[in-house]
1. Could you identify the single residue in V111, V126 that is closer than 22 Å to Y339 by Cβ, surrounded by 23 or more Cβ atoms within 10 Å (Cβ to Cβ), touching a residue at least 40 places away in the same chain (Cβ under 8 Å) and in contact with a Phe, Trp or Tyr (Cβ under 6 Å, 6 or more places away or on another chain)?
2. Contact list please: Cβ distance under 7 Å, first residue in segment 160-185 and more than 19 Å from R314 (Cα to Cα) and free of Cβ contacts under 8 Å to residues at least 40 places away in the same chain, second residue of a type in the set (S, T, N, Q) and away from ligand 1 (no atom under 12 Å from the Cβ), pairs at least six apart or on different chains.
3. Test of understanding: among I242, I254, which residue is in contact with an Asp or Glu (Cβ under 8 Å, 6 or more places away or on another chain) and open to solvent by 70 Å² or more (accessible area, probe 1.4 Å)?
4. Checking the condition in contact with an Asp or Glu (Cβ under 6 Å, 6 or more places away or on another chain) and surrounded by fewer than 23 Cβ atoms within 10 Å (Cβ to Cβ), which residue from S116, S81 passes?
5. Given (1) of a type in the set (A, V, I, L, M); (2) more than 9 Å from ligand 1 (Cβ to nearest atom); (3) at pLDDT 95 or above, where does I181 come up short, assuming only one miss?
6. Pull up segment 19-36, narrow it to residues that are in a strand (DSSP E or B), open to solvent by 10 Å² or more (accessible area, probe 1.4 Å) and of a type in the set (A, V, I, L, M), then point me to the one that is nearest to ligand 2 (Cβ to nearest atom).
7. Restricting to segment 162-193, give me the number of residues that are more than 17 Å from T25 (Cβ to Cβ) and charged (D, E, K, R).
8. For segment 166-187, give me the residue count where each residue is within 12 Å of the chain's Cα centre (by Cα) and either open to solvent by less than 20 Å² (accessible area, probe 1.4 Å) or more than 9 Å from ligand 2 (Cβ to nearest atom) (or both).
Amino acid sequence: MFRPLDWFLGLMSLDIGIDLGTANTLVCIRDQGIVINEPSWVAINKRTRKPLAIGAEAREMVGRTPADIVAIRPLRDGVISEFEITEAMLDYFIKKTHEQMIVPFPRPRVVVGIPSGVTEVEKRAVYDATIQAGARAAYLIEEPMAAAIGAGLPIIESRGSMIVDIGGGTTEVAVFSMGGIVISRSIRVAGDEMDEDIMQYARSKYNLLIGERMAERAKIAIGSAFPLAEERTMTLRGRNLISGLPQSIEMSSIELREAIAPSVNIIVDTVKDAIDETPPELVADLMESGICLAGGGAQIKGLADRIEDTVKIRTWVAEDSLTCVARGAGKVLDDLDSYARVLVGLQRGSTHH
Ligand code: ADP
Ligand code: MG
């Protein structure tokens with residue numbers, strides 16, 4: 001339902017949550033929801049390393065850039081490999097959000113979700129970049145924490161809960177209790193790795209060289225982690241490695257499941273390990289509350305069934321799993337008092353310059 005007053009207040013008190021993901025960056029504004037959802041790509045000049053395009057525009061250039069331009073994902077592995085480029089990206093998305101406001105004068109308060117395990121220097125870089133981009137106040141939150149808040153898990157309560165956030169570059173597993181992370185695991189196996197698996201499979205089984213985006217399309221269309229009620233097929237197009245000519249093949253969902261199994265198995269094992277390490281009282285809680293999957297990778301068909309089948313704990317996919325982190329980060333500002341202790345503290349004086 002459209003509520004004009006809420007909408008107007010949203011414009012006046014600009015509070016935004018940002019999910020700085022390895023694959024996608026999302027911005028959520030209180031009372032307006034997700035206003036930006038773009039790939040975390042930056043096209044730069046190879047020589048000067050100056051950003052030329054950011055977000056969707058940069059992603060369009062992937063695989064099509066002239067020799068002096070290269071498109072990169074500065075957060076690909078869940079670490080900030082290039083500070084300046086990450087800063088440019090953050091700056092672009094914050095300014096773009098601000099531009100969309102009808103009343104642009106209040107400077108926003110911003111909560112940024114960062115991968116867990118980033119270094120002190122990286123945190124400081126994100127904080128400084130957020131302030132530089134015009135934020136009135138900046139706060140950092142670990143992504144699994146934001147994902148759990150966005151998914152509506154009761155992380156502040158003493159009752160344990162668990163999130164598995166499967167993104168592009170990383171999968172993060174966390175068990176929460178009383179507003180803290182009790183157990184956490186972060187691995188560099190997630191959606192991208194499944195795309196790699198598919199490329200590898202097509203190459204070794206059919207001598208077919210396919211692109212990353214074709215592999216991702218196949219994964220989204222027919223990828224699965226558990227037998228499907230109705231198995232399907234899809235046409236993959238690429239280049240035959242022997243003849244050098246274009247070729248298309250039909251791949252079944254059964255083959256695709258076999259293709260992505262290496263990554264799926266690692267993710268499932270990581271969940272199992274995390275549960276093995278969880279104190280028994282909290283495991284008892286999880287048996288009641290279940291395991292929540294978030295992130296784009298959570299939408300692999302049958303993944304929840306597969307995890308449930310392995311660990312014997314009810315598992316479900318969060319509503320709108322791709323936007324959990326951004327919505328969770330946005331929600332923190334609704335009630336900064338209760339959520340203050342879930343935010344990431346910055347050590348004084350650390351700087352990346
Ligand atoms: P990050 O938080 O790392 O930026 P996201 O949570 O945005 O990542 O998820 C991106 C990943 O999710 C990509 O690997 C993408 O291919 C995958 N993905 C998105 N939608 C689907 C879908 N419907 N089924 C399977 N995978 C998906
Ligand atoms: Mg994410």
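1. Numbers: V126 fails: in contact with a Phe, Trp or Tyr (Cβ under 6 Å, 6 or more places away or on another chain).
Answer to the check: V111.
2. Every condition considered, the pairs that remain are M178/S158.
3. Going through I242, I254 in turn, just one is in contact with an Asp or Glu (Cβ under 8 Å, 6 or more places away or on another chain) and open to solvent by 70 Å² or more (accessible area, probe 1.4 Å): I254.
4. Numbers: S81 fails: in contact with an Asp or Glu (Cβ under 6 Å, 6 or more places away or on another chain).
Of the residues listed, the single one that is in contact with an Asp or Glu (Cβ under 6 Å, 6 or more places away or on another chain) and surrounded by fewer than 23 Cβ atoms within 10 Å (Cβ to Cβ) is S116.
5. Every condition holds for I181 apart from (3).
6. Only one residue tops the list, namely I34.
7. Final tally of qualifying residues: 3.
8. We begin by selecting, within segment 166-187, every residue within 12 Å of the chain's Cα centre (by Cα); these are 166-172.
Retained after the next criterion (residues that are either open to solvent by less than 20 Å² (accessible area, probe 1.4 Å) or more than 9 Å from ligand 2 (Cβ to nearest atom) (or both)): 166, 168-172.
Qualifying residue count, segment 166-187: 6.
The values are calculated or read from the model by the stated rules, or taken from the named source; none is laboratory data. Predicted model only: the values in this text are computed from it and were never measured. Note that we place each Cβ from the backbone using ideal geometry, even for glycine, and neighbour counts take in every protein chain shown. Surface accessibility is based on the protein's heavy atoms, side chains included, excluding ligands, DNA and RNA. Shrake-Rupley method; radii C 1.70, N 1.55, O 1.52, S 1.80 Å.
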